[in-house]
Amino acid sequence: MKGGLTGYVGRHEASVRERLWAPLTQDELSDLLDEHLVKISWLQHERLVHLLVTMLFALILMLLVGFLLLLPTPGVWLLVMALLVLGLLVAYVLHYFRLENSVQRWYALADEIRTRMLEETEG
């Protein structure tokens, strides 16, 4: 079983899809949608925090590169710091990309739940 964000997202999606295939009442579908929307809000919060951290690391990297370009004799330590921050920034961008894709999939999943609710109402 996967851990971390990937595991959490995968388990939740599998659980919702499994429950969508089961015969559910309108109240059960409503509860499922409510639970899913709460988890979407958690993921949106996580996404916002990671966006802010990513922007902070981008700003720090720009400052370090600026110092590297403007100082007459920049030290090797400045280059090492810039490379470390660049590595962290790449990792944060990849993580943010996964968060964004997960939120977009969860929006589509919420639409599937709403569609199922409408079908149950009409049928």
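Computed values, structure above
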{"item": "Positive-end residue of Thr54, Leu29, Val80, charge dipole of the chain with Cβ unit charges", "result": "Val80"}
{"item": "Computed lengthening from Val65 to Val90, 0.36 nm per intervening residue step minus Cα-Cα distance", "result": "7.4 nm"}
{"item": "Options Ser102, Tyr92, Val16, ranked by Cα towards positive dipole end of region 4-114, top entry (Cβ charges)", "result": "Tyr92"}
{"item": "Gln44-Ala22 FRET efficiency (beta carbon distance; Förster radius 30 Å; 0.05 resolution)", "result": "0.65"}
{"item": "Size of charge dipole - the chain - debye, nearest 20, with Cβ of Lys, Arg +1 and Asp, Glu -1, no other charges", "result": "780"}
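Readers should treat all values here as calculations from the given coordinates under stated rules, not as data from a laboratory. Given the structure is predicted, the values throughout are model-derived calculations rather than measurements. Heads up, the Cβs are rebuilt from the backbone with ideal geometry, glycines too, and the neighbour counts pull from every protein chain shown.
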